[in-house]
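Presented below is the structure to which this report refers.
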Amino acid sequence: MMEQSFGGAGMPDSWQRLWTPHRMEYLRGENRPLADNDIACPFCRTPTLNDEDGLIVARGAEVFVVMNLYPYNVGHLLVCTYRHVADLTDLTDSERREMSDLTAHAMKTIRKIANPGGFNLGMNQGAVSGAGVAEHIHQHVVPRWAGDANFMPIIGKTKVLPELLAQTRQDLAAAW
């Protein structure tokens, strides 16, 4: 009888793997206020920390810019209101303006230090739309480069980040 080898995770095969265990913690609910845990909103907690510990790049009057703890690409930022509000329609005019202004400034700053070819900008409004923290509005600013979505995320379901979040935060904050 011929022996079959399925080569799944944990079974020997010829594939090499880059592990991203931090993603599993996020999927299990780390730093996410889910219905079945007592975690406080991370976007309300973050501004109470100093900039380095909170990975905050910049602070405005009503909005702040922070590194995404679970980035899609190096330099992935979140633009968050200080006020705990879920929906774009619930923001004040000044919060909406400052969120837009800091998003534009984030793009200029990332261009200055990393020269991306483009950006993905977006908000997921509501849990069903994919928002990990649906209760607190935040805008994603994701820099993109030609070829950054290579085989790794498609075949390996892995993103390769070339630098630590603290270093990226330091570079962005200095260039801000």
For the residues Thr103, Thr109, what sequence is obtained by ranking on other C-beta atoms within 10 Å, fewest first? Thr103, Thr109
By counting other Cβ atoms within 10 Å of each Cβ, how are Glu52, Glu135 ranked from fewest to most? Glu52, Glu135
Going by amide H atoms built from the backbone, whose H comes under 5 Å of the H on Ala86, apart from near neighbours? Ile137
Whose amide H sits under 5 Å from the amide H of Gly122, counting only residues 5 or more places off or on another chain, with H placed in the peptide plane? His140
Determine, from the Cβ-Cβ distance of Asp90 and Gln167 and an R0 of 30 Å, the FRET efficiency 1/(1 + (r/R0)^6), rounded to the nearest 0.05. 0.30
Neighbouring Cβ atoms within 10 Å as the yardstick, rank Val133, Val85 fewest first. Val85, Val133
Taking amide H atoms as placed 1.01 Å from N in the peptide plane, list the residues 5 or more away in sequence, or in a different chain, whose amide H sits under 5 Å from that of Val63. Tyr82
Could you go through region 96-101 in sequence order and give the Karplus-derived ³J(HN,Hα) for each residue, using 6.51 cos²θ - 1.76 cosθ + 1.60 with θ = phi - 60°, rounded to whole Hz, and x for Gly and Pro? 4, 5, 5, 4, 5, 4
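A short reminder: the numbers here are calculations on the coordinates, not readings from a lab. Note that this is a predicted model, so its numbers are computed, not measured. When we count neighbours, we look across all protein chains shown, and the Cβ atoms used for this are built from the backbone with ideal geometry, even at glycine.
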